[in-house]
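Structure first, commentary second.
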Amino acid sequence: MGARRITEPGRDAKLPPCVTCHHSEAGFCAAAFRSTAADPQQNRGQQEFTVVPARKQIVTQHSSSDQVFVLCAGWAFRYVQRADGARQIERFLIPGDLFSSISIFEDASHFSAKALTDVQICGFPRSEIREKCFADRGFHAVVAQSCVVDGRDAAKLIAVLGRSSAEQRIAYLFLHLTERIAARHVVRDRRYPLPLRHQHIADAVGLTTVHVSRVLSVFRERGILTLSGGVLEVLDLRALEVIGLR
């Protein structure tokens, strides 16, 4: 998959990247690293860290792996590919995201994943994650919440794709992503890192790239938002929320 391993478990004397990563203090990573031992770092370093270049495949649908992946840095996306080659992006992955909560319980992947930018990923042994899930109530609750979020977001996306106009679909996607970004980063002047090409937006909301380009032009002309150079600037949040039915 064009990947380069940067840490071999138990062999690298340097601190693993997650020791200095603020995403390891919340959500799945924090629960996975939780320890009752005197040294809270003793569980760290048991996972593997890998660098994957932009546009390279990370996970292939129906393939098997003994690891559960978390995105540490960069952007990626999870998708399914139909037999005719059409691609549906299910979720854009940002730092701190578990690729899929279902992957904790299934050896064969129900999705594919690809690097949108250069990314760094962390692989946890599935057997250890499963064991911890059933032995640790706190960790079990975190995994359950991840399953709930995945299911809720999937249900909302289905409703949007089935019942919304092109403008509503794109507005919903941008609102969903900006909320997730703002929850993990300091955002100034409503400018959000959003390294998406028109094709990625089209594959996420079921439109053509021509239609996406047309809608973005309309949003720009109305003074609602601009998307340029990998940065989304929201100029009129209320207008975007009205379109996105928030």
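The values are calculated or read from the model by the stated rules, or taken from the named source; none is laboratory data. What you see is a predicted model, and the numbers here were worked out from it, not measured in a lab. Cβ sites come from the backbone with ideal geometry, for glycine too, and all protein chains shown count toward neighbours.
Taking the stated definitions as given, is Asp236 more than 19 Å from Arg188 (Cα to Cα) and acidic (Asp, Glu)?
no
Working only within the range 79-129, note down all residues that are in a strand (DSSP E or B) and hydroxyl-bearing (Ser, Thr, Tyr).
The answer is Tyr79, Ser112.
Give the residue, chosen from Gln120, Gln168, that is touching a helix residue (DSSP H, G or I) at 6+ places or on another chain (Cβ under 7 Å), modelled with pLDDT of 90 or more and farther than 29 Å from Pro53 by Cα.
After applying the criteria, what remains is Gln168.
When you check Glu221 against the structure, is it without any contact (Cβ under 8 Å) to a residue 40 or more places away in the chain, not assigned by TED's automatic domain parsing to the domain that holds Thr117 and not polar (S, T, N, Q), yes or no?
yes
Does the range 39-46 contain at least one residue that is farther than 21 Å from Pro195 by Cα, at pLDDT 90 or above, small (Gly, Ala, Ser) and surrounded by fewer than 21 Cβ atoms within 10 Å (Cβ to Cβ)?
no
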